[in-house]
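Trainee: One structure is given below, represented as structure tokens, and several questions about it will come after.
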Amino acid sequence: MTQHENKFLITGLTLGLMLALVAYAAMRLWHPDRSAAQSQEAPMLKYEAAPEQATSQRAEQVQADASVSSIQLNQKEQTDIGVQTVEVRRRNLQRALMAVAKVDEPETHLASISARIGGRIDKLYLDFTGQQVHRGQTIASLYSPEVFSAAEEYRLSLENRKRLGTGAEPLAVSGAEDLVNASRRRLELWGLTTQQLDEIASSAKLQIELPIYSTVSGIVTERKVTQGQYVNAGEVLFTVTDLSTIWVKADVYQPDLPAVRTGQSVEITSDSLPGTTLRGRVGFLDTSINPQTRTASARIEVPNPSMRLRPGMFVQVKFAAPVEHDVLAIPRSAVLDMGMRKFVYVAKGNGEFEGRQVQLGPAGTDYYPVLAGLKEGERIVSQGSFLIDSQTRITGGMTGMFGGSKEFDHGQPDQGQAQAPAVPQIKFTFRSDPEAPRGNSDATLHVTVLDALGKPVTDVRVKVTLIMPAMPAMGMGEMRAASDLTWKGSDYAGTIKVPTAGSWNVEVNASRSGQLLGSYHARLNAQ
């Protein structure tokens, strides 16, 4: 491009920019109101949207915190449901903490049996691992040229002392005696018995087999030698474990650690030992948490004289937690656990039952401690609350089932037939019968599925899955059990086999035509 062409291009761009500026100024002069309106519209729109958003958030919060509706039942309806009530009062609570554990070898009762001197293993008296052995039992014999030379030296020292007789110089006799004692002591340190030493002194032809004895009683857990093998001094031949006392290692989850302490009494059960309960004590509690499982290992020492517990077995451990004295408590059967909240039905009198949210402490064996929501002396539903709740929670009524019950909403005016528009949302309740089933046994599961209006949903597929997370520290993988429940007229029900005792995560899924409609999560503690 020539210099003349460059000047022409620059001049054209300058003129175009000037024309654009003139056009913008003219638009501002001819439409001043429109530009001012545009400059004010944006903040006004933003200001108007904020109150609507805040109102929506407050409504959602109120809905989340709303109490459960009340219901009034006549005596026949209460009898049909099987309603039973109990007084809220103070009790002494015993909390039981359950955990899955693994039997392990006691590290303090391991013993290695080694060769005191190098040589060849001529005979083995223990043929396989798992064999019982007793302290002092001969387990092998070893031929050693070094022992043979020492035995020959001992025999010659005896002959030399004998030749000196009683008429020899005292210094010579003392030296010969010292040589005999030193040779004998050397052989004794290698493990030769008094009988073998006497045979060396009396025999002209030496045949020395050095015995190797077990230093402990127990089970051979490792054999590292074969017959005819040459070994060196100090080489380990066998590992023997004394299993008269066994270790049980239980993984305790982080929230449960305050309930476990050193010296605490523990009960141990196993599916392979039906009807048998063993007892032990916590000997050690790990000082750190496993970052993968969020657990700490509790080492329990258990007497095991009859070899009922064997390394590698899985067992159930029950920690006896301290008793809580004079605590306001309610039965576990009275509590309906909705995941994020728990509530009960309070008997108000004249057949009226009010659903009330409560705050509870960690569950005991049969009762929950009450932190907030109930007062001493109030009466609550202990049996039948689940069926009441399945029909009345949120806005559902009992009329569909009993045809005459009147519904209340904590004193709010009756809204007649007006109903809020339904939202695509469902809610669940879950319970197990028995509430704390035993491991390796069947439990009956009950699930209700409610729509946004609190009405039972009867045409979905309900699947319940029990999940126990993997415990890599114990070498145990994830365990699962699943069951499809069927509609039984009032709820979905079905049986499931709980594989083992422990704390199970419960996942409830409801689907229709292969599409997942909702899920619910709970916990199931098996004994």
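The values are calculated or read from the model by the stated rules, or taken from the named source; none is laboratory data. Keep in mind that what you see is a predicted model, and the values were worked out from it rather than measured. Here Cβ is always computed from backbone atoms with ideal geometry, including for glycine, and neighbour counts include all displayed protein chains. All accessible areas refer to the heavy atoms of the entire protein, side chains included, with ligands and DNA or RNA removed. Shrake-Rupley method; radii C 1.70, N 1.55, O 1.52, S 1.80 Å.
Trainee: Looking only at residues that are closer than 18 Å to Val315 by Cβ and part of a loop (DSSP other than H, G, I, E, B) in segment 275-292, which one is least open to solvent (accessible area, probe 1.4 Å)?
Mentor: Applying the filter and picking the extreme gives Thr276.
Trainee: Modelled with pLDDT of 75 or more and open to solvent by less than 60 Å² (accessible area, probe 1.4 Å): which single residue out of Gly339, Gly364, Gly349 fits that description? Step through it out loud before you land on a result.
Mentor: Details: Gly339 fails: modelled with pLDDT of 75 or more; Gly364 fails: modelled with pLDDT of 75 or more.
One residue alone meets the criteria, Gly349.
Trainee: Considering only residues that are without any contact (Cβ under 8 Å) to a residue 60 or more places away in the chain and assigned to a strand (DSSP E or B), look in segment 505-518 and name the one that is farthest from Ser432 (Cα to Cα). Give the derivation first.
Mentor: Keep residues of segment 505-518 that are without any contact (Cβ under 8 Å) to a residue 60 or more places away in the chain, which gives 505, 507, 509, 511-516.
Still in the list and also assigned to a strand (DSSP E or B): 505, 507, 509, 511-512, 515-516.
Numbers: Asn505: 13, Glu507: 13, Asn509: 16, Ser511: 21, Arg512: 24, Gln515: 26, Leu516: 23 Å.
Residue satisfying both the conditions and the ranking: Gln515.
Trainee: So, one more: Quickly run through segment 433-456 and pick out the residues that are at pLDDT below 90, farther than 21 Å from Gly275 by Cα and open to solvent by 10 Å² or more (accessible area, probe 1.4 Å).
Mentor: Asp433, Asp451, Ala452, Leu453, Lys455, Pro456
Trainee: Regarding Gly175, is this residue part of a loop (DSSP other than H, G, I, E, B) and either out of contact with any His (no Cβ under 9 Å at 6 or more places or on another chain) or surrounded by fewer than 16 Cβ atoms within 10 Å (Cβ to Cβ) (or both)? Please lay out each step first, then the result.
Mentor: Working: part of a loop (DSSP other than H, G, I, E, B): no; either out of contact with any His (no Cβ under 9 Å at 6 or more places or on another chain) or surrounded by fewer than 16 Cβ atoms within 10 Å (Cβ to Cβ) (or both): yes.
No: the conditions fail for Gly175.
Trainee: Check whether at least one residue in segment 510-523 is within 14 Å of the chain's Cα centre (by Cα) and closer than 26 Å to Arg332 by Cβ, and report yes or no.
Mentor: Going through segment 510-523, the residues within 14 Å of the chain's Cα centre (by Cα) turn out to be 523.
When the remaining residues are screened for being closer than 26 Å to Arg332 by Cβ, the result is 523.
Within segment 510-523, one or more residues are within 14 Å of the chain's Cα centre (by Cα) and closer than 26 Å to Arg332 by Cβ.
Trainee: Can you pull out the residues in segment 113-151 that are surrounded by 14 or more Cβ atoms within 10 Å (Cβ to Cβ), within 19 Å of Thr245 (Cα to Cα) and not hydrophobic (A, V, I, L, M, F, W, C)?
Mentor: Gln131 - this is the single residue of segment 113-151 that is surrounded by 14 or more Cβ atoms within 10 Å (Cβ to Cβ), within 19 Å of Thr245 (Cα to Cα) and not hydrophobic (A, V, I, L, M, F, W, C).
Trainee: Can you run down the residue pairs with Cβ atoms below 9 Å, 6 or more apart or on separate chains, where the first is in segment 358-380 and in a loop (DSSP other than H, G, I, E, B) and the partner is open to solvent by 30 Å² or more (accessible area, probe 1.4 Å) and among the polar types (S, T, N, Q)?
Mentor: Note: pairs meeting the criteria are Ala363/Asn525; Gly364/Gln94; Thr365/Gln94; Asp366/Gln94; Asp366/Ser333; Gly373/Gln357; Gly373/Gln359.
Trainee: I've got another one for you. What number of residues within segment 300-325 satisfy the criterion of being surrounded by 13 or more Cβ atoms within 10 Å (Cβ to Cβ), modelled with pLDDT of 85 or more and more than 17 Å from Ser244 (Cβ to Cβ)?
Mentor: Residues in segment 300-325 being surrounded by 13 or more Cβ atoms within 10 Å (Cβ to Cβ), modelled with pLDDT of 85 or more and more than 17 Å from Ser244 (Cβ to Cβ): 6 in total.
Trainee: Under 6 Å between Cβ atoms, which residue pairs at least 6 apart in sequence (or on different chains) link something in segment 190-201 that is farther than 12 Å from Arg155 by Cβ and of a type outside the set (Gly, Ala, Ser) with a partner that is at pLDDT 70 or above and open to solvent by 50 Å² or more (accessible area, probe 1.4 Å)?
Mentor: From residues that are farther than 12 Å from Arg155 by Cβ and of a type outside the set (Gly, Ala, Ser), the pairs are Trp190/Arg116.
Trainee: Let me ask something else. What's the total number of residues in segment 293-320 that are part of a loop (DSSP other than H, G, I, E, B) and either among the aliphatic types (A, V, I, L, M) or more than 16 Å from the chain's Cα centre (by Cα) (or both)?
Mentor: Step one: list which residues in segment 293-320 are part of a loop (DSSP other than H, G, I, E, B), which gives 293-294, 304-313.
Checking the rest, the ones that are also either among the aliphatic types (A, V, I, L, M) or more than 16 Å from the chain's Cα centre (by Cα) (or both) come to 304-313.
Residues flagged as part of a loop (DSSP other than H, G, I, E, B) and either among the aliphatic types (A, V, I, L, M) or more than 16 Å from the chain's Cα centre (by Cα) (or both) within segment 293-320 amount to 10.
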